[in-house]
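This report refers to the structure that appears directly beneath it.
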Amino acid sequence: MIEPLHVLTLSCIVIFITAVLVRFIRTARMPVHLRWEIYPVAHDKGFEHGGSYMENQDWRNRPQEHSQLNKLKEFLTEFLFLKALFHHNRKLWWSSFPFHFGLYIIAAFAGLLVITALSSVFNVKHGGVFLSYLVQFTGIAGAILCLFGSAGLFFRRLFDKGLKKYSPISAYFNLLLFVGISVLMLTVGFSSSGFGPMSAYIVSFLTWSAHPEMPGPSKALLILSLLVLAYIPLTHMSHFFMKWFTWDKIRWDDEPNLPGSKLEKRIQAALAYPVSWSAPHIKGDGKKSWVDVATEEIEK
Amino acid sequence: MKEIDNKNTDLKVEDFSKDSDRLLELTNDDLMPLPEPLDDKAKSEPPWKPLSDSAKEKYESDLDNTLLLNIPKPKSKEEEKKYIKQFLQGLEKLFTKENNWVFLQPFKLTMEHCTKCHTCSEACHIFQASGRAELYRPTYRTEILRRIYFKYLKPGGRFFGRWQHGDIDLNWKTVARLAELSYRCNLCRRCAQACPIGCDNGLVAREIRKLFSQELGWATKELHEKGSMQQLRVGSSTGMNPEVVKDNMDFIDEDASDITGMDIKTPWDVQGADILLIHNAGEILSWPENPAAFAVILQAAGISWTLSSEALGYDSVNYGLFYDDAMLAKVVIKHALAAKKLGVKKIVFGECGHAHKALTIIADRILTGDLNIPRESSMPLLRDIVMSGKLKLDPSRNDFPVTLHDPCNMVRMMGIVEPQREVLRKIAPRFREMTPHGVNNYCCGGGSGFAIHSGHNFVDWRMKVSGRMKMKQILEAFKGEDSSSETYKYICAPCSNCKGQFRDILEYYGLTENNGIHYGGLVELIVNAMTDVKPGFIRAWEQ
Ligand code: SF4
Ligand code: SF4
């Protein structure tokens, strides 16, 4: 018999993966854009003072010294610790950081739950106790941080005059979703059965077999989490992965267009796009290309 | 007409489309305080010049105290509807790869991923200097466009757009005000640098300007007609044709020879030279000491260089950078063609920040094939000359307080930070930094072309609001020095546009006359320290 909860689980996972992939691929396939970097650029040698390779003469003839390690370090500190917010908006960071870090821990908790379920499916005997402690710890810690952060952000948006004016209904709704998840996680985590029923449910899902009856809070937590998982990539909250584009593909994109390069070919392709801007100095008719527009003489 | 209670702070995004009077009425009391000697607003702050009645009569002026774009009032409802329709068509084009491949990716990401955290507001000098006027919040302008986009262009937007992003009405007021508001941003991108998501409100301001220019043909006269169009017609946005520019440079050579005691001769159209130097032609008219100093340095260092007398080849200005992709590309191509004609090894830009950015990095993804000639900043060249020992330098000739302004286009957007500092550390013993500086600098207030705009009462806005933070930084950098005009103090600003702003603001607040604060470029300081040159190069030109 097909379990409705299994169908919901599968659907939400599929929606999440599809939405992430669609957004990611659509953005990645956009045409090359003009250079629009902002310094400091993480992989540049002059990163410490915000410098670029253009601080040298004849840079085209010099070997480019890039540090992928520094890029990774900068990206991770931004992603994990919200470095930009820490430096430029400390007041908000005190709520935003626990919220985001709490979510990362909750993601780790979910991963650990799956590992626990897998070890049960494959009958792995070792490390079970340690794993269950880890699940318990990450679940509780993640929920506390997330609750503190999401409630903090909710109240900031409610009482800060500046933020309030820009916060649509969805901003409050989204934060309440996370408050709800955290409260449920804490309820489940501190209940006598702990996260055990969740783990048992995952086993049933992985083996596609009937799942044992779950306590109400566990079931509610499961359903809410799944719906939120599917919902996130459909909203601006997809910034958790789209940030890779805004940072790596825009802010830090200082790739020079060297003659004969692949980049040059992409630029040539973009320059051939037809233009339909209507202003008198362009008169785009949908046939003229960007090359035509750039090279045609103006009326004197 | 419904009035807003406290226009400066209580303004909401939805108010933008209301049939109200002006959305913001700044007074001197609202402005961010400045340090001494401008700390007493009652004494030091000139009154705001009101907009004239005829201007208010003729143009849409319901935004704030000033006016830049001069949009004539439509004569009928039909005309208003036509413009609204054109605006929406233009907005749609901003989201197509054919019409906007140049910025589609960063623009769309900004429109779709802002978390409305307001981190950017703390970074914006205009918002801060205005006393945090809501209208100038970096996200305010973006939010209006975002709401229109989600409500009017996205399927189901009338319901989901409102839920996800909030509401806005699109009417004539919205369109006219938005066009004008896109010219209350210096495009300095300090907000984008601070944004934790990587959204870019500076880019959005430019995209709005571009929409109006490329679809409706609306841009400021200074940027378009007198700027880019004149440059393409005559050869330079200053109106100088090739003959005039050569004549003017001859005079400059003569003056430079008199002042330095050297025989200075600017080379023209030298085939196969190593370097084609392109100045912002405004230097030749307004700050002749700058091209003169370049000539002195390059000649003394034995560099193979030339100027070009080809139309546009002697004026690096590219105002398209601030408002229009088509104009930007047209000018870029002309610059590259001038260099190709001479067969030079590379193009080097004089002290002009926006020209640096336009032709170095922006043009990098426009110029292909044999037009993709190497293009570089003059800063590393000057650093290498100064460090090479080819010039005999005596830093004691620059024994006065010097501070450095970082032009946004050259520093935050190109990462050219250290070369000019290395030079200053070597030749200016009393050099001190502003706070903050380098890539975290503040715009001079004249960025995005504002420095060439003085119509109506815009000077008041440019001095009091957009130039205010920089003024604060400058006064703080010279704190502790004798503040009288007896002590000569120098703002080193290696950018034509920034110098235009400094010229105006120092005069506006009487800071040169009363407090001895002067400004100029980097090359002037280098020549001032050269022992092969008669002493007093900078002062001689000032006289
Ligand atoms: S643009 Fe960036 S910093 Fe500004 S409100 Fe949006 S997310 Fe925050
Ligand atoms: S680009 Fe500069 S002036 Fe414009 S909103 Fe951003 S910080 Fe303010």
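The values are calculated or read from the model by the stated rules, or taken from the named source; none is laboratory data. If you're wondering where the values come from, they're calculated on a predicted model, not measured in any experiment. Note: ideal-geometry Cβ built from the backbone for every residue, glycine included; neighbour counts use all protein chains shown. Remember, those area values only see protein heavy atoms, side chains included, never the ligands or the DNA or RNA. Shrake-Rupley method; radii C 1.70, N 1.55, O 1.52, S 1.80 Å.
If you go through segment A:51-58 one residue at a time, do you hit one that is of a type in the set (Gly, Ala, Ser), within 11 Å of chain B (Cβ to nearest Cβ) and surrounded by 16 or more Cβ atoms within 10 Å (Cβ to Cβ)?
Taking segment A:51-58 first, the residues of a type in the set (Gly, Ala, Ser) are A:51-52.
Cutting the leftovers down to within 11 Å of chain B (Cβ to nearest Cβ) gives us A:51-52.
In the following step, the residues that additionally are surrounded by 16 or more Cβ atoms within 10 Å (Cβ to Cβ) were identified as A:51-52.
Within segment A:51-58, one or more residues are of a type in the set (Gly, Ala, Ser), within 11 Å of chain B (Cβ to nearest Cβ) and surrounded by 16 or more Cβ atoms within 10 Å (Cβ to Cβ).
Among the residues of segment A:65-86, those identified as within 13 Å of another protein chain (Cβ to nearest Cβ) and on the phi < 0 side of the Ramachandran plot are A:GLU74, A:PHE75, A:THR77, A:GLU78, A:PHE79, A:LEU80, A:PHE81, A:LYS83, A:ALA84, A:LEU85, A:PHE86.
Of everything in segment B:86-115 that is within 15 Å of ligand 2 (Cβ to nearest atom) and within 22 Å of A:ASN174 (Cα to Cα), the residue that is nearest to the chain's Cα centre (by Cα) is B:THR110. Name the residues in segment B:45-66 that are open to solvent by 40 Å² or more (accessible area, probe 1.4 Å) and either closer than 11 Å to B:GLU25 by Cβ or in a loop (DSSP other than H, G, I, E, B) (or both), would you? B:PRO47, B:TRP48, B:LYS49, B:PRO50, B:SER52 - these are the residues of segment B:45-66 that are open to solvent by 40 Å² or more (accessible area, probe 1.4 Å) and either closer than 11 Å to B:GLU25 by Cβ or in a loop (DSSP other than H, G, I, E, B) (or both).
When you look at B:LYS85, is it surrounded by 20 or more Cβ atoms within 10 Å (Cβ to Cβ), away from ligand 1 (no atom under 16 Å from the Cβ) and part of a helix (DSSP H, G or I), yes or no? Criteria not met by B:LYS85. Out of all the residues in segment B:124-133, is one or more more than 16 Å from ligand 1 (Cβ to nearest atom), over 21 Å from the mean Cα position of the chain (by Cα) and more than 9 Å from chain A (Cβ to nearest Cβ)? Within segment B:124-133 (the criterion being more than 16 Å from ligand 1 (Cβ to nearest atom), over 21 Å from the mean Cα position of the chain (by Cα) and more than 9 Å from chain A (Cβ to nearest Cβ)), the answer is yes, since at least one residue qualifies.
If you check B:GLU376 against the conditions, is it part of a strand (DSSP E or B) and either open to solvent by 10 Å² or more (accessible area, probe 1.4 Å) or modelled with pLDDT of 95 or more (or both)?
Working: part of a strand (DSSP E or B): yes; either open to solvent by 10 Å² or more (accessible area, probe 1.4 Å) or modelled with pLDDT of 95 or more (or both): yes.
Spelling it out, B:GLU376 is indeed part of a strand (DSSP E or B) and either open to solvent by 10 Å² or more (accessible area, probe 1.4 Å) or modelled with pLDDT of 95 or more (or both).
Check A:GLY194 against each of (1) outside any helix (DSSP H, G or I); (2) open to solvent by 30 Å² or more (accessible area, probe 1.4 Å); (3) more than 7 Å from every other protein chain (Cβ to nearest Cβ) and name the one condition it does not meet. Exception for A:GLY194: condition (2). Of the residues making up segment A:169-191, those that are surrounded by fewer than 20 Cβ atoms within 10 Å (Cβ to Cβ) and of a type outside the set (A, V, I, L, M) are A:SER170, A:TYR172, A:PHE173, A:GLY180, A:THR187, A:PHE190, A:SER191. If I filter segment B:146-168 for residues that are of a type outside the set (Asp, Glu), within 30 Å of B:LYS464 (Cα to Cα) and within 15 Å of ligand 1 (Cβ to nearest atom), do I get at least one hit? Within segment B:146-168, one or more residues are of a type outside the set (Asp, Glu), within 30 Å of B:LYS464 (Cα to Cα) and within 15 Å of ligand 1 (Cβ to nearest atom). Restricting attention to segment B:405-421, the residues being free of Cβ contacts under 8 Å to residues at least 60 places away in the same chain and open to solvent by less than 10 Å² (accessible area, probe 1.4 Å) number 7. Counting only helices (runs of 4 or more DSSP H) wholly contained in segment A:1-100, the ones carrying 1 or more residues that are more than 16 Å from ligand 1 (Cβ to nearest atom) and not polar (S, T, N, Q) occupy A:4-28, A:68-81. Inside segment B:170-223, residues that are part of a loop (DSSP other than H, G, I, E, B), within 12 Å of ligand 2 (Cβ to nearest atom) and not hydrophobic (A, V, I, L, M, F, W, C) make up a count of 6.
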